[in-house]
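A.B. asks: Quick one: the structure is below, questions incoming.
The values are calculated or read from the model by the stated rules, or taken from the named source; none is laboratory data. Note that the coordinates shown come from a computational prediction; the quantities given were computed from them, not determined experimentally. In this analysis, Cβ positions are derived from the backbone assuming ideal geometry, glycine residues included, and neighbour counts consider all displayed protein chains. SASA here: full protein model, heavy atoms, side chains in, ligands and nucleic acids out. Shrake-Rupley method; radii C 1.70, N 1.55, O 1.52, S 1.80 Å.
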Amino acid sequence: MANVCWPYFDPEYENLSTRINPPRVSVDNTSCSDSTLVKVDSMNKPGILLEVVQVLTDLDLIITKAYISSDGGWFMDVFHVTEQQGKKITDNKTINYIEKALGPKSQEEVTTWADKRVGVHSVGGHTAIELIGKDRPGLLSEISAVLANLHFNVVAAEVWTHNRRIACVVYVNDDTTSRAVADPTRLSIMEDQLKNILRGCENDEAGRTSFSMGFTHVDRRLHQMLFADRDYEGGIGATEVDYPPSLKPKITVERCEDKGYSVVTVRCKDRAKLMFDIVCTLTDMQYVVFHATVSSDGPHASQEYYIRHMDGCVLDTEGEKERVIKCLEAAIRRRVSE
């Protein structure tokens, strides 16, 4: 059999393209009377929409409208954003951070946002513990007791529950040195005890734990953990009682024959971080957003995404469409604690 010779690609090519055409970011407070416009023009690359939405979401900004276009080699989008109180973004520190985080400077040159050190921008003095398993009353109390008995200090924690499953990321350090714990023996003991707690009843499957020392965006990681746990399929005791029909998201997947896209339309009650949750899920499901329109009308939100799979295919089968609908419904509901 002949050897396959792959073409050579210069690893600096992508960086060269970025240097020739650096991202252009503008924060405009004059064009719109009730919101700040954040405009981003840059070379297109996989995951760029999620990166931009993540920066705005991490600053607790409200995205009231958005227009996205990335069909081809260029990415262009406009976001209408406000503060939590519905006012324009006037703080120079916030504006400068947006320009640096989304602009031509590398991520290393951007200083960490002070209020987001733990849970969004990880710091080096802790170990992140990821836990997922069946939810039950008193579970968090038992987890805290194990960590305290093993002399771990809880710095922060993020916990989501959905369809009777629980996923959490707990940031801990040693209670005497206040440093991250790297001792494999201590971590092994902790893992065994936490697995026993997550196992719960004798017939339940064992929960899962993992450890990480590096950067973690906690919201995206929680989505990934529950998605991998297939929480979107529901489970025993998962009903629609907590979600009356008036609050149930209305999600459709249709085919755009002219342009060769699948069109995902989401209409639901508006809330903070809604766009991030949807874009995060589509990205992790290996779909690429080429165009999108997002708007909020009072208490309701309407979002439309023109997507293809990373391999260029659209959603042809009913099974694919149904899976996307279920996964987006789960992503929208995960932030609402049961």
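A.B. asks: Let me check something: with ligands and nucleic acids excluded, how do K250, K39 order by accessible area (1.4 Å probe), largest to smallest?
C.D. replies: Accessible-area ranking of K250, K39, largest first: K250, K39.
A.B. asks: Next question, about the same structure. Label-point separation (nm) for S26 and D183, each offset 7 Å from Cα along Cα-to-Cβ?
C.D. replies: Reported label-point gap for S26 and D183 is 5.8 nm.
A.B. asks: Straight-line reach from K93: which lysines have Cα under 26 Å away, leaving out those fewer than 8 places along the same chain?
C.D. replies: Excluding near neighbours in sequence, the set is K39, K65, K105, K116, K273.
A.B. asks: Given R₀ = 22 Å, FRET efficiency for Y67-K250 by Cβ-Cβ distance, to 0.05?
C.D. replies: After rounding to 0.05, the efficiency reads 0.50.
A.B. asks: I'd like the distance between the alpha-carbon centres of region 279-318 and region 42-87, rounded to an integer number of Å.
C.D. replies: Value for the Cα centre distance between the two parts: 14 Å.
A.B. asks: Say R0 is 30 Å: what FRET efficiency, to the nearest 0.05, do S144 and K87 get from their beta-carbon distance?
C.D. replies: On the way: r = 38 Å, r/R0 = 1.27.
Efficiency for this residue pair is about 0.20.
A.B. asks: Rounded to the nearest 0.05, what FRET efficiency do H151 and S210 give with R0 = 22 Å and r taken as the Cβ-Cβ distance? Could you check?
C.D. replies: 0.60
A.B. asks: May I pose another question? With a 1.4 Å probe and all protein chains kept in place, how do K326, K88 rank by accessible area, largest first?
C.D. replies: Ranked from most to least accessible, the order is K326, K88.
A.B. asks: Related question: In what sequence, largest accessible area first, do W74, W160 appear using a 1.4 Å probe? Please list the in-between numbers first.
C.D. replies: Details: W74 65, W160 15 Å².
Descending accessible area places them as W74, W160.
A.B. asks: At a probe size of 1.4 Å, how large is the accessible area of D311, to the nearest 10 Å²?
C.D. replies: 100 Å²
A.B. asks: Turning to a different aspect of this structure: Any idea how far apart D192 and D316 come out in nm if each label point goes 7 Å out from Cα toward Cβ?
C.D. replies: Here the answer is 5.2 nm between the modelled labels.
A.B. asks: Given the protein chains as shown and a 1.4 Å probe, how many square angstrom of S31 are accessible, to the nearest 10?
C.D. replies: 80 Å²
A.B. asks: Additional query: So for the pair A228, M76, with labels modelled 7 Å out along Cα→Cβ, what separation do we get in nm?
C.D. replies: Output for this residue pair reads 3.9 nm.
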